[in-house]
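Enquirer: Would you mind keeping the following structure in view while I ask a few things?
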Amino acid sequence: MTKLIRVLLATAVLPGAALAVAGALANAWADRLPDPVATHWGSEPNGHTPLGAFTGVSLGLGAVAVLLLATTAVTALRRGRPLPRPTVGVGAGFAAMPAAVLLTVLVANLDAPDWQAAGGGLAVVPFLLGAAALGVVAARIGGLPSPPVQATPGHRPSVGLRPGQRAFWSGRAVNPAMLWALALIPVAIALLPTGLPWPTAVWIAFVGFVVTALTYRLSASVDAKGVTIRFGLLGVPWRHLPLDRIREATTRELSTFGDGGLGLRFNPVTGTTAYKIRGGPALALSLENGRTVLVSVDDPETGAGLVNDLLAQRITRID
């Protein structure tokens, strides 16, 4: 099976088949469904939509999602940078979601005399699980590894580490503005005449403060075992990259809101993962699988130089 066929099977055929099944059942069950059908539930049905309109919109949204996913996947493949497995899986599951929602509505309304007598909305659970399972299958089929990127001539940092020498580097960055912003913005909104109630504002501020405390600082360390990245006061989430997974280290200048903004960001098209709490200089690690990891810490030049020197010496452990 060629790569193109695998990608099309995962991103077009599988979610497209889910849409086709949903459309066929909507047509076959037309005489057994009320019109309009119940499309919203609280403790019982409390909203309705004409059957034809709901079916058409659901199938139309699903078709657009499938088209966008398949086009993106094929384009990425032709450029030599196929979409990673998680992206294919999430994309296929999302493209199948309109079919899952349509099937939920059809089953809940089947043989009901009118929309107010429709069954419960909990029928959505098995269909959502089915969309998730479809995404897993699509990821297994259409998630292809990226080819290694060939090194390009340019500046390769070095710290001049000599054979047999041991070295350790640690860089960190802190953004206290993130901490105060998420804590104070809900309070400021509460002060407006039509703002949040005080209890709600305090609760949001507390949650924001806790979440930010876990992510407002970032550290990276380099030793003979590899690169370790840690977030927040507790050092979690954390990630360790062994030296044998790294091809080269350089530095890069990041903008504050580039690469998806602040925090832990992943670009499914380029395969770039950014650990970022501020703009400015960052450590850039080119991995053997063709992906890139960015870490916005101070003094990344030294960290990159040590990584390159360790790679050159092929040191894998400290005696």
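The values are calculated or read from the model by the stated rules, or taken from the named source; none is laboratory data. Because the structure is a prediction, the values reported are computed rather than measured. Cβ coordinates were reconstructed from backbone atoms using ideal geometry, including for glycine residues, and neighbour counts include every protein chain displayed.
Enquirer: Check whether at least one residue in the stretch 59-72 is closer than 18 Å to Thr272 by Cα and out of contact with any strand residue (DSSP E or B) (no Cβ under 6 Å at 6 or more places or on another chain), and report yes or no.
Expert: yes
Enquirer: Which one of these is closer than 24 Å to Val90 by Cα, modelled with pLDDT under 85 and among the hydrophobic types (A, V, I, L, M, F, W, C): Phe209, Phe266, Phe231?
Expert: Going through Phe209, Phe266, Phe231 in turn, just one is closer than 24 Å to Val90 by Cα, modelled with pLDDT under 85 and among the hydrophobic types (A, V, I, L, M, F, W, C): Phe266.
Enquirer: Moving on to the next point. How about the stretch 121-161: which of its residues are modelled with pLDDT of 85 or more and not in a helix (DSSP H, G or I)?
Expert: Within the stretch 121-161, Pro157, Ser158, Val159, Gly160, Leu161 qualify.
Enquirer: Let me ask another. With the condition kept exactly as written, say whether any residue in the stretch 100-111 is of a type in the set (A, V, I, L, M, F, W, C) and touching a Gly at 6+ places or on another chain (Cβ under 7 Å). Before you say what the answer is, go through the steps one by one.
Expert: Step one: filter the stretch 100-111 for residues of a type in the set (A, V, I, L, M, F, W, C), giving 100-103, 105-108, 110.
Filter again for touching a Gly at 6+ places or on another chain (Cβ under 7 Å), leaving 100, 108.
Yes.
Enquirer: Does Ala70 qualify as being surrounded by 21 or more Cβ atoms within 10 Å (Cβ to Cβ), of a type in the set (Gly, Ala, Ser), part of a helix (DSSP H, G or I) and modelled with pLDDT of 90 or more?
Expert: Values: surrounded by 21 or more Cβ atoms within 10 Å (Cβ to Cβ): yes; of a type in the set (Gly, Ala, Ser): yes; part of a helix (DSSP H, G or I): yes; modelled with pLDDT of 90 or more: yes.
Yes.
Enquirer: Would it be correct to say that Leu8 is assigned by TED's automatic domain parsing to the domain that holds Ala117 and either of a type in the set (Gly, Ala, Ser) or touching a helix residue (DSSP H, G or I) at 6+ places or on another chain (Cβ under 6 Å) (or both)?
Expert: no
Enquirer: In the stretch 41-61, which residues are surrounded by 22 or more Cβ atoms within 10 Å (Cβ to Cβ) and touching a residue at least 60 places away in the same chain (Cβ under 8 Å)?
Expert: Pro45
Enquirer: Another question, then. Please go through the stretch 27-40 and pick out each residue that is buried (at least 18 other Cβ atoms within 10 Å of the Cβ) and in contact with a strand residue (DSSP E or B) (Cβ under 8 Å, 6 or more places away or on another chain).
Expert: Listed by number, the residues that qualify are Val37, Ala38, Thr39.
Enquirer: Name every residue in the stretch 235-263 that is out of contact with any strand residue (DSSP E or B) (no Cβ under 7 Å at 6 or more places or on another chain) and modelled with pLDDT of 90 or more, in order of residue number.
Expert: Within the stretch 235-263, just Asp244 meets the criteria.
Enquirer: Still on this model: When the residues of the stretch 212-228 are filtered to those that are of a type outside the set (Val, Ile, Thr) and in a loop (DSSP other than H, G, I, E, B), which remaining residue is modelled with the lowest pLDDT?
Expert: Restricting attention to the stretch 212-228, the residues satisfying the condition of being of a type outside the set (Val, Ile, Thr) are 213-214, 216-221, 223-226.
Next, from what is left, pick out any that are in a loop (DSSP other than H, G, I, E, B): 214, 216, 224-225.
Details: Leu214: 68, Tyr216: 75, Ala224: 89, Lys225: 90.
Ranking the qualifying residues of the stretch 212-228, first place goes to Leu214.
Enquirer: Gly303 - would you say it is in a helix (DSSP H, G or I) and more than 14 Å from Asn175 (Cβ to Cβ)?
Expert: So Gly303 passes the test.
Enquirer: All but one of (1) surrounded by fewer than 23 Cβ atoms within 10 Å (Cβ to Cβ); (2) within 21 Å of Ala38 (Cα to Cα) hold for Val64; which doesn't?
Expert: Every listed condition holds for Val64 apart from (2).
Enquirer: Now for a separate question. Can you work out which of the residues in the stretch 73-84 that are assigned to a helix (DSSP H, G or I) and either crowded, with 21+ Cβ neighbours inside 10 Å or polar (S, T, N, Q) (or both) is modelled with the lowest pLDDT?
Expert: Initially, the stretch 73-84 is screened for residues assigned to a helix (DSSP H, G or I), giving 73-78.
Next, from what is left, pick out any that are either crowded, with 21+ Cβ neighbours inside 10 Å or polar (S, T, N, Q) (or both): 73, 75-76.
Details: Ala73: 87, Thr75: 86, Ala76: 78.
By that ranking, first place goes to Ala76.
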